[in-house]
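Structure first, then comments.
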Amino acid sequence: MKDEIQALLMRISTLLLANNESVWGLLFLDFSERLKENYEYTLHEIKNQFGGAGSFSDLILMEKGKMLSDENNQLSKMQDELYRLLKKEIAYLSSINR
């Protein structure tokens, strides 16, 4: 599942960087690299990006004041998939670390 999560992080980062969301794009690129060093901790860090005001879940891609419908639909699907994978992997790792 690690490879699947890393690939998804790269796809998210690419979409964000292509739509001038460099802060979020570079953060997710960094997460992809950090998964190689401290996998379980980084999974939790990524999952934490989904909570609270101004979180990754709240992100809306825009250009010149207009929402980018196709890009936001792609992002939403990838956000949902990433969150699902994170929850599944964290639960699995918790169950084997008992």
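For the subset of the stretch 1-24 comprising residues that are of a type in the set (Ser, Thr, Tyr) and within 13 Å of the chain's Cα centre (by Cα), which member is most open to solvent (accessible area, probe 1.4 Å)?
Out of the qualifying residues, it is 14.
Out of the residues in the stretch 76-98 meeting the condition of being open to solvent by 50 Å² or more (accessible area, probe 1.4 Å) and of a type in the set (D, E, K, R), tell me which one is modelled with the lowest pLDDT.
Per the stated criteria, the residue is 98.
Could you check the stretch 45-72 and list, in sequence order, the residues that are surrounded by 12 or more Cβ atoms within 10 Å (Cβ to Cβ), touching a helix residue (DSSP H, G or I) at 6+ places or on another chain (Cβ under 8 Å) and either of a type in the set (S, T, N, Q) or within 19 Å of residue 87 (Cα to Cα) (or both)?
Selection gives 45, 46, 47, 49, 50, 56, 57.
What are the residue pairs meeting all of these: first residue in the stretch 83-98, first residue closer than 16 Å to residue 48 by Cβ, second residue basic (Lys, Arg) and surrounded by 15 or more Cβ atoms within 10 Å (Cβ to Cβ), Cβ atoms under 8 Å, and 6 or more apart or on different chains?
83/47; 86/47; 87/47; 90/47
Taking only the stretch 25-44 into account, find how many residues are open to solvent by 20 Å² or more (accessible area, probe 1.4 Å) and touching a helix residue (DSSP H, G or I) at 6+ places or on another chain (Cβ under 6 Å).
The number of residues fulfilling the criteria is 3.
Restricting attention to the stretch 70-98, report how many residues are more than 13 Å from residue 15 (Cα to Cα) and either part of a loop (DSSP other than H, G, I, E, B) or small (Gly, Ala, Ser) (or both).
5
Would you say residue 36 is closer than 19 Å to residue 3 by Cα and not in a helix (DSSP H, G or I)?
yes
The values are calculated or read from the model by the stated rules, or taken from the named source; none is laboratory data. These figures come from a predicted structure and were not determined experimentally. Here the Cβ is made from the backbone with ideal geometry for all residues, glycine too, and neighbour counts use every protein chain on show. Note: accessible area is taken over every heavy atom of the protein model, side chains too, but ligands, DNA and RNA are not part of it. Shrake-Rupley method; radii C 1.70, N 1.55, O 1.52, S 1.80 Å.
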